[in-house]
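Following: one structure in structure tokens, then a few remarks.
The values are calculated or read from the model by the stated rules, or taken from the named source; none is laboratory data. None of the values given here were measured: they were computed from a predicted structure. Quick reminder, even Gly has a Cβ in these numbers, built from the backbone with ideal geometry, and neighbours come from all protein chains shown. What goes into the accessible areas is simple: the full protein's heavy atoms, side chains included, and nothing from ligands, DNA or RNA. Shrake-Rupley method; radii C 1.70, N 1.55, O 1.52, S 1.80 Å.
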Amino acid sequence: MVRPFDLRDMTLIRRLGERGVSLHTASALAENFHPLRGALRSMLVGGEFPTFVWKPENGDRAGFIQLRIANGAAQAHILYVSPRCGDEESEPAANGSDVLRNRDCAIWLALLDEAVAGVGSRGIQHVIAEVDEHSDELVAPRRAGFAADTRQDVWAVRTSDYRPLGIAARPIARRAPADDWDIQLLYANTVPRLVQLVEPLPATDDGEGWVVRHGDELAAYVTVRRGTVATWLRFFIHPDAEAEADEIVAAALEVAFATEPELVYCCVRRCESWLPSALERAGFGVTGSQAVVVGRHVHP
């Protein structure tokens, strides 16, 4: 009932592409992402965007799931699932009353199972989804065996609302090969082990990397991903430098706003309690909160 995407499914993907939900926040907010482009690219060029289609023989319902496997990554991210799990339909019951039944959540269960198994056959052990923590969609991954590894808030500021912090920003420099070992140590020592499964250290070709140093010590590492519709920030700050979060944020925002983006987003894990106040002082506000859930492939 679930099979890989092929050219026969183009109309289906186009039709359902507006009815689903993104489960990868950076792609949804910073990129002009569309599932059909990803499915065609994966089929014609390679398996970066594996897509699976659920289409019963009677043609009554249909759905699809699309993932992204970055080059060399050990994890797969769920980009998009359609239709939404919360789309309920009413049906007449035997007594004449209407009964709500959510068949789309059953579609999700089939698609999630196939996604985990499909990428598992490629050696990918973890499938990651970022789900609105207050949405109906969170139910289906849990029923499919996905476990919540962490939670995150997404902060955003428009250019018109940005308030420079009015303090001296810390000196910031582009990542250089000589920084790589310190960045690896910073990541290993500041990101919880469970979260490391969800969020590996960004690859050197995934956006820009910037470093803030205090003498010879690395105080912070910042990734800046300039998408087609917004800029996406991620901070990794050494515990000894947490008191200087304002100066580090000010430095990163000078970089982010250098190209005058209309919108800047910043992802903050709940354990990073030192970041929100600095972002708020710069004009950021929370735009969404997600549970980051992980499905693990189990070898038969």
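Residue by residue, here is whether (1) assigned to a strand (DSSP E or B); (2) in contact (Cβ under 8 Å) with a residue 24 or more places away in the chain; (3) open to solvent by 60 Å² or more (accessible area, probe 1.4 Å) holds:
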site: ILE124; (1), (2), (3): no, yes, no
site: ILE128; (1), (2), (3): yes, yes, no
site: VAL131; (1), (2), (3): yes, yes, no
site: HIS134; (1), (2), (3): no, yes, yes
site: GLU137; (1), (2), (3): no, yes, no
site: ARG151; (1), (2), (3): yes, yes, yes
site: VAL154; (1), (2), (3): yes, yes, no
site: VAL157; (1), (2), (3): yes, yes, no
site: SER160; (1), (2), (3): no, no, yes
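Residues in the range 221-261 that are within 16 Å of GLU208 (Cβ to Cβ), part of a helix (DSSP H, G or I) and of a type in the set (Gly, Ala, Ser): ALA251, ALA252, ALA256, ALA258. Taken together, the criteria exclude ALA70 from residues that are surrounded by fewer than 15 Cβ atoms within 10 Å (Cβ to Cβ) and touching a His at 6+ places or on another chain (Cβ under 9 Å).
Can you tell me which of (1) open to solvent by 60 Å² or more (accessible area, probe 1.4 Å); (2) without any contact (Cβ under 8 Å) to a residue 12 or more places away in the chain; (3) not basic (Lys, Arg) is the one THR204 doesn't meet? Tallying (1) open to solvent by 60 Å² or more (accessible area, probe 1.4 Å); (2) without any contact (Cβ under 8 Å) to a residue 12 or more places away in the chain; (3) not basic (Lys, Arg), THR204 fails exactly one: (2). Would you confirm whether or not the range 183-205 contains a residue that is assigned to a strand (DSSP E or B), acidic (Asp, Glu) and within 18 Å of the chain's Cα centre (by Cα)? The answer is no, given that none of the residues of the range 183-205 is assigned to a strand (DSSP E or B), acidic (Asp, Glu) and within 18 Å of the chain's Cα centre (by Cα). Taken together, ALA140, ALA129, ALA156, ALA147 contain a single residue that is touching a Phe, Trp or Tyr at 6+ places or on another chain (Cβ under 6 Å) and over 27 Å from ILE248 (Cα atoms), which is ALA140. When LEU218 is tested against the conditions (1) more than 16 Å from SER27 (Cα to Cα); (2) modelled with pLDDT under 95, the lone failure is (2). Scanning the range 127-166 for residues that are in contact with a Lys or Arg (Cβ under 8 Å, 6 or more places away or on another chain) and among the basic types (Lys, Arg) yields a total of 2. Taken together, the residues in the range 239-272 that are open to solvent by 10 Å² or more (accessible area, probe 1.4 Å), free of Cβ contacts under 8 Å to residues at least 60 places away in the same chain and over 20 Å from the mean Cα position of the chain (by Cα) amount to 6.
Restricted to the range 57-67, and to residues there that are surrounded by 12 or more Cβ atoms within 10 Å (Cβ to Cβ) and at pLDDT below 90, the residue that is farthest from PRO200 (Cα to Cα) is ARG61. The condition of being on the phi < 0 side of the Ramachandran plot and within 23 Å of the chain's Cα centre (by Cα) holds for only one of ARG281, ARG226, ARG213, that being ARG226. Within the set GLY145, GLY166, the sole residue that is surrounded by fewer than 16 Cβ atoms within 10 Å (Cβ to Cβ), within 28 Å of LEU23 (Cβ to Cβ) and not charged (D, E, K, R) turns out to be GLY145. The selection criterion, being in contact with a Gly (Cβ under 6 Å, 6 or more places away or on another chain) and open to solvent by 20 Å² or more (accessible area, probe 1.4 Å), does not hold for ARG213.
Kindly evaluate ASP179 against the criterion of being surrounded by 14 or more Cβ atoms within 10 Å (Cβ to Cβ), under 27 Å from ALA278 (Cα atoms) and free of Cβ contacts under 8 Å to residues at least 60 places away in the same chain.
Numbers: surrounded by 14 or more Cβ atoms within 10 Å (Cβ to Cβ): yes; under 27 Å from ALA278 (Cα atoms): yes; free of Cβ contacts under 8 Å to residues at least 60 places away in the same chain: yes.
In short, yes.
The single residue among GLY166, GLY145 that is small (Gly, Ala, Ser) and either touching a residue at least 24 places away in the same chain (Cβ under 8 Å) or farther than 28 Å from GLU262 by Cβ (or both) turns out to be GLY145.
Residues of the range 1-42 that are touching a Pro at 6+ places or on another chain (Cβ under 7 Å), open to solvent by 90 Å² or more (accessible area, probe 1.4 Å) and more than 30 Å from TRP155 (Cα to Cα): MET1 alone. Just a yes or no: is a residue in the range 86-94 modelled with pLDDT of 65 or more and not small (Gly, Ala, Ser)? No, that holds for no residue.
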